[in-house]
Amino acid sequence: MAVLVTGGAGYIGSHTVRRLREAGVDTVVLDTLERGSREALLGAPLVVGSIADEALVTEVCREHDVTAVVHFAAHKSVGDSMVDPGPYWTNNVQGTVHLIEGMLAAGVRNIVFSSSAAVYGSPEQVPITEGAPIRPENVYAETKAMMERVIDWYGTTSGLRWASLRYFNAAGASTDSVIGEDWSSTTNLVPLVMRAALTDVGPVDVFGTDFDTPDGSGVRDYIHVEDLAEAHLAALRYLEADGENLTVNLGTGNGTSVLEILAMTAEIHGAEVPHRISGRRLGDPATVYADSTLAGRTLGWTATRGLREIISSAYAWYRQG
């Protein structure tokens, strides 16, 4: 098996590239480096370019004897997608069409897609199963849902074989503190908490403490980035073994509140994390967490790392400076 990883220089992509190489999988990365880091690839082969360049995709696939693609390359800021939606339609949706056309031209028919639990919107019930209604509530989430449909239709029309992985809140850093998430360009909670703990940039906002949850703050399913990397490897092996096209949730099956994250960080840091209570954000659900039973049954995958591992690894990574 030889794998092309699009967007592989990004946060989740780089952890996945590392895991693939550790498993002996020949891996090449295609990334524009607009939001990725060459250093995070730890020497993995890199082609700087866009998924929208069909000829380049075909050339890379042929040159490296690629047999499968892991597709991360996408813009991913919820807020930005509502302010400037154009690049999300162009890069995420149209780019995926070009990527698949380039793959197919090279005879590559297996793809693992980095989807998102954001496609569910505000869930009617938790834990969320794969059968929950698809109701995106922002442009970013809508593009992820559309990318899933594009991939599905290529399965119908062109024999593309796929696994769409809807993961919940990726967090943490590599256990050995070699790679992690850039806190300067993210809106994710854990890096913002770490920045508040380790710098003087000011308090982190807690958006609402009046939810119907045990401590009043919002509850989400945080999954360690190394667990996600394992899931992508499992999905590639599943497709290589002729598994059926598949959509699965990736989460821990447990919810963690914002205040619990602050408390765990304070315990590890040895001091209170500066924070302030702000009003709820429009559309924020109280509780979101996954039912990942299907991933366990089909991929043989379950999350093995919990909140302490997430916070400890993130803290160690950011503390390096």
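What follows draws every value from the coordinates through simple rules; no lab data is involved. Since this is a predicted model, take the numbers as computed values, not measurements. So basically every Cβ, Gly included, is an ideal-geometry build from the backbone, and we count neighbours across all protein chains shown.
Annotations
- Computed over Cα pairs, the Kirkwood radius of the chain leads via Stokes-Einstein (1.002 mPa s, 20 °C) to a diffusion coefficient of 108 µm² per second.
- Normalised contact order of the chain, rounded percent, pairs of Cα under 8 Å and 6 or more residues apart: 19 percent
- Relative to the Cα centre, the charge distribution of the chain, modelled as +1 at Lys and Arg Cβ and -1 at Asp and Glu Cβ, gives a dipole magnitude of about 120 debye.
- Chain lengthening between residue 125 and residue 199 when straightened (0.36 nm per residue, less Cα-Cα): 22.8 nm
- Global form of the range 1-69, assessed from the alpha-carbon gyration tensor, a/c cut-off 1.5: oblate
- Only helical runs count toward this figure. For the chain, summing -39,500 (n - 2.57) over DSSP H runs of n ≥ 4 and dividing by all residues gives -11000 deg cm²/dmol at 222 nm.
- Extension gain, residue 215-residue 48: 0.36 nm per intervening residue step, less the Cα-Cα distance, totals 55.5 nm.
- For the pair residue 267 and residue 39 in one chain, pulling the backbone fully straight at 0.36 nm per residue adds 79.0 nm over the alpha carbon distance.
- Other residues lying with their Cβ under 13 Å from the Cβ of residue 43 contribute a combined charge of +1, Lys and Arg counting +1, Asp and Glu -1.
- Each of 247, 302 was scored by other Cβ atoms within 10 Å of its Cβ. Arranged with the fewest first, they read 302, 247.
- Likely footprinting exposure, 210, 291, fewest C-beta neighbours within 10 Å first: 210, 291
- Between the listed residues 170, 154, 143, the Cα displaced farthest toward the positive end of the dipole of the range 132-185, a dipole computed from Cβ unit charges relative to the Cα centre, is found at 154.
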